[in-house]
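**Q** Quick one: the structure is below, questions incoming.
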DNA sequence: CATGGCTGACTGAGCGCTCACTCCGGGTTG
DNA sequence: CAACCCGGAGTGAGCGCTCAGTCAGCCATG
């Protein structure tokens, strides 16, 4: 019609399948999910899955890849948001935490279902994860160099800060007393204490 | 002979099956593990599993229950180790983290395979987890009351500190550059910063 | 009437668990 | 003390079922 903005019927089905797979994998895990769980939720026959996707594993890969790319982009953007390492860290942690809380279903898949990927897909995702890790380590290392953070090893702090966000995927639910944004603010403060950010 | 110290033949097999199940569940998840993976690793026929255990799920429950009970006992003992909340927190986090690193396989099962439990078993484990959470929140709350920790809400800090330890189950491997004890020391320091422990 | 999204019916593989059976150590009996 | 029996650990074979994936054809659209 107007532009390519109108999603074609086929793209809509494809998208519904991905959404249904995301919810199912998040709730029951990859191996605990049957292809029929996905197609029933998407309102299609069991065969329709294979019209749009090569396999159940491909769905997992697509979800995992998109999730990792989102996180990597968030890290990179957060670092450009300011020249001050303190502000960089605050922004990155806030966004990272809020995103993991808001999309805790997708985060569960991203972080806990990697072992179910095919070897080549696993390798591709692993390299994305590595880039995410390095991004945070570099941010902290530059803060140490600028005397904004007062710790000897950026890697320990990076592990800890990532763990704060990732573990949300395990325990956060939509009815938690803090909203994703609020939790992001709180955890950003914790992160600044973890790196011993200096006041000035 | 001497006492009942000598493990009976039957107890030994039962134990081998549990060990094999622990490793298999940790590596591939509950749903990703076949009963034959377990029995092959334990060196028995596939039928022998059912001589000693009611079902595959029972194995999961036994592993999960033992793991949670160990953690709860650790929390309780750590609190009795000193009158100073700072020392209590240091001890608890050190032990908790070192244990999760050392037994990261078991920790994986304990923390990530709960959804595969039968409903009654799930409820039993959930109540154990609740007691663990409360133990740590109480510790921190008493530290706040004694003006040893300078934060408004013990629950946020407790969530964060638990996440540090639990997330180890996901990423720690035996060839990590820090030994479990060393990591425990490092993370105990982070925990003290998270609760803003006062120097005096 | 050609294209392609979509389906109902189907299949081969593999899974948890069972069952009829064997083997063996130790107590009981004549 | 030999002969017998019994209970329980352990097994080989396989049953009943589930599941990911396939395929021939239907039907709406352009």
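The values are calculated or read from the model by the stated rules, or taken from the named source; none is laboratory data. On a predicted model such as this, the values are computed, not experimentally measured, just so you know. A quick note on method: Cβ atoms are made from the backbone with ideal geometry, for glycine too, and the neighbour counts reach across all protein chains shown.
**Q** Within the stretch A:97-120, which residues are more than 9 Å from the chain's Cα centre (by Cα), touching a residue at least 12 places away in the same chain (Cβ under 8 Å), surrounded by fewer than 21 Cβ atoms within 10 Å (Cβ to Cβ) and in a helix (DSSP H, G or I)?
**A** A:102, A:105, A:114
**Q** Can you name the condition, by its number, that residue A:59 falls short on among (1) touching a residue at least 40 places away in the same chain (Cβ under 8 Å); (2) within 14 Å of chain B (Cβ to nearest Cβ); (3) within 16 Å of DNA strand D (Cβ to nearest atom)?
**A** For residue A:59, the failing item is (2).
**Q** Residue A:83 passes all but one of (1) touching a helix residue (DSSP H, G or I) at 6+ places or on another chain (Cβ under 6 Å); (2) farther than 28 Å from residue B:31 by Cβ; (3) not in a helix (DSSP H, G or I); which number fails?
**A** Residue A:83 satisfies every listed condition except (1).
**Q** If residue B:94 passes every condition in (1) without any contact (Cβ under 8 Å) to a residue 60 or more places away in the chain; (2) part of a helix (DSSP H, G or I) but one, which one does it miss?
**A** Here residue B:94 meets the rest and fails (1).
**Q** While we're on this one: Suppose the filter is in a helix (DSSP H, G or I) and either more than 9 Å from chain A (Cβ to nearest Cβ) or at pLDDT below 95 (or both); does residue B:161 pass it?
**A** Details: in a helix (DSSP H, G or I): yes; either more than 9 Å from chain A (Cβ to nearest Cβ) or at pLDDT below 95 (or both): yes.
So residue B:161 fits the description; yes.
**Q** Please go through the stretch B:44-62 and pick out each residue that is outside any loop (DSSP other than H, G, I, E, B) and under 19 Å from residue B:123 (Cα atoms). Lay out the reasoning, then the answer.
**A** Residues of the stretch B:44-62 outside any loop (DSSP other than H, G, I, E, B): B:46-52, B:56-62.
Correct list: B:56, B:57, B:58, B:59, B:60, B:61, B:62.
**Q** Given the structure, is residue A:18 touching a residue at least 12 places away in the same chain (Cβ under 8 Å), more than 17 Å from residue B:31 (Cα to Cα) and in the same structural domain as residue A:128 (by TED's automatic domain parsing)?
**A** Values: touching a residue at least 12 places away in the same chain (Cβ under 8 Å): yes; more than 17 Å from residue B:31 (Cα to Cα): yes; in the same structural domain as residue A:128 (by TED's automatic domain parsing): no.
For residue A:18, the condition - touching a residue at least 12 places away in the same chain (Cβ under 8 Å), more than 17 Å from residue B:31 (Cα to Cα) and in the same structural domain as residue A:128 (by TED's automatic domain parsing) - is not met.
**Q** Let me ask something additional. Only one of (1) without any contact (Cβ under 8 Å) to a residue 40 or more places away in the chain; (2) away from DNA strand C (no atom under 16 Å from the Cβ); (3) away from every other protein chain (no Cβ under 14 Å); (4) crowded, with 18+ Cβ neighbours inside 10 Å is not met by residue A:42, so which one is it?
**A** So residue A:42 meets the others, but not (2).
**Q** Return yes when residue B:61 is within 16 Å of DNA strand C (Cβ to nearest atom), at pLDDT 95 or above and not assigned by TED's automatic domain parsing to the domain that holds residue B:140 and no when it is not. Let's see the steps before the verdict.
**A** Working: within 16 Å of DNA strand C (Cβ to nearest atom): yes; at pLDDT 95 or above: yes; not assigned by TED's automatic domain parsing to the domain that holds residue B:140: no.
So residue B:61 does not fit the description; no.
**Q** Go through the stretch B:24-39 and give me each residue that's more than 14 Å from chain A (Cβ to nearest Cβ) and more than 11 Å from DNA strand D (Cβ to nearest atom).
**A** B:38, the sole residue that qualifies.
**Q** Additional query: So in the stretch A:164-180, with the set limited to residues that are in a loop (DSSP other than H, G, I, E, B) and within 23 Å of residue A:29 (Cβ to Cβ), which one is nearest to the other protein chains (Cβ to nearest Cβ)? Let's see the steps before the verdict.
**A** Taking the stretch A:164-180 and keeping what is in a loop (DSSP other than H, G, I, E, B), we get A:167, A:172-179.
Now restrict to residues that are within 23 Å of residue A:29 (Cβ to Cβ): A:167, A:172-176.
On the way: A:167: 4, A:172: 9, A:173: 13, A:174: 16, A:175: 15, A:176: 10 Å.
Step by step, filter the stretch A:164-180, then rank; the result is A:167.
**Q** Further question on the same structure: Kindly indicate which of A:47, A:116, A:98, A:66 is away from every other protein chain (no Cβ under 14 Å) and within 16 Å of DNA strand C (Cβ to nearest atom).
**A** Details: A:116 fails: away from every other protein chain (no Cβ under 14 Å); A:98 fails: within 16 Å of DNA strand C (Cβ to nearest atom); A:66 fails: within 16 Å of DNA strand C (Cβ to nearest atom).
None of the others qualify; the one that does is A:47.
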